[in-house]
Amino acid sequence: RWVRNSVNHFFGNLADAWAIPNNALALRGKATSDSFKRVAINSTLGVLGLMDVATELDIDRHPADLGLTLSRWGLPAGPYVVLPLLGPRTMVEVVVYPIDWKGNLANHLDNVDLRDFLTVLSFTDLRASYLQADDVVKAGALDPYSFTRDSYIQRRQYLQNDGENQEDSGVQP
């Protein structure tokens, strides 16, 4: 369990690093500041992000990717799709995925073996999180596809609007 949590924290720290420029481009000052603090603290005191010290210090996580940034600037998210290996996405997320991929610091390592290992580990971590969510879906959903789609769209809308409830997310089912 400790190893799984450490892997999840490590990739969360890398995601927080990519959230810094995305939050800045979305003009989210507090989110940018919190993301910077999280990366600085977790990369040092948290031993390269293997431990999430920033959460223990009550520094909020503000996930952001290029799809959310563009949505904050008014670009509609487009239809909901499910990609093999990557799972649920909106069409904007699919289009900007290569840029988000480049934004992941692990993809800039010169050591090809280490970079490939981290890529496989990242997909394994992502898949493990989907398996946990799958248990929730199976336990409570009459229509698993609709439940997953609606949950995903609501989560993206929540992230886009900083937790404020908005009517239209721009996502087309």
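Can you return the aspartates and glutamates within cross-link range of LYS37? Criterion is Cα-Cα under 16 Å, with same-chain partners fewer than 8 residues away left out.
LYS37 reaches ASP16, ASP52, GLU56, ASP58, ASP60.
Out of residues 5 or more away from LEU50 or on other chains, whose amide H comes under 5 Å of its own, with H placed 1.01 Å from N in the peptide plane?
Amide H neighbours of LEU50, under 5 Å, 5+ apart: none.
Using the Cα gyration tensor of the stretch 1-92, with a ≥ b ≥ c the square roots of its eigenvalues, what is the shape: rounded (a/c below 1.5), prolate (a/b larger than b/c) or oblate (neither)?
Taking the square roots of the gyration eigenvalues as a ≥ b ≥ c, the stretch 1-92 is oblate.
Using Cα-Cα distances under 8 Å and only pairs 6 or more residues apart, what relative contact order does the stretch 1-92 have, in percent? Kindly include the intermediate steps, with their values, before the conclusion.
Details: 118 pairs, mean separation 24.7, N = 92.
Relative contact order comes out at 27 percent.
What does the stretch 79-173 give for Rg and for Dmax, in Å, if only its C-alpha atoms count?
Considering the stretch 79-173 through its Cα atoms, Rg and Dmax are 15.6, 47 Å.
Averaging sequence separations of C-alpha pairs under 8 Å and six or more residues apart, then dividing by the length of the stretch 48-149, give the relative contact order as a whole percent. If you can, show how the numbers build up before the last one.
Details: 53 pairs, mean separation 17.0, N = 102.
Reported relative contact order: 17 percent.
In Å², what does the accessible area per residue of the chain work out to with a 1.4 Å probe?
With all protein chains present, the chain gives 61 Å² per residue.
Quick one: compute the contact order of the chain, relative version, from alpha carbon pairs under 8 angstrom and 6+ residues apart, as a percent.
Computed value for the chain: 22 percent relative contact order.
Treat every Asp and Glu Cβ in the stretch 76-173 as -1 and every Lys and Arg Cβ as +1, leave all other atoms uncharged, and give the resulting dipole magnitude about the Cα centre to the nearest 20 debye.
Dipole magnitude for the stretch 76-173 comes out near 180 debye.
Rank ALA26, THR90, ASN107 by how far each Cα sits towards the positive end of the charge dipole of the chain (+1 on Lys, Arg Cβ; -1 on Asp, Glu Cβ) and give me just the farthest.
ASN107
The values are calculated or read from the model by the stated rules, or taken from the named source; none is laboratory data. Remember, it's a predicted structure, so these values are computed and weren't measured experimentally. Don't worry about glycine lacking a Cβ; one is built from the backbone with ideal geometry, like all the others, and counts go over all protein chains shown. Note: accessible area is taken over every heavy atom of the protein model, side chains too, but ligands, DNA and RNA are not part of it. Shrake-Rupley method; radii C 1.70, N 1.55, O 1.52, S 1.80 Å.
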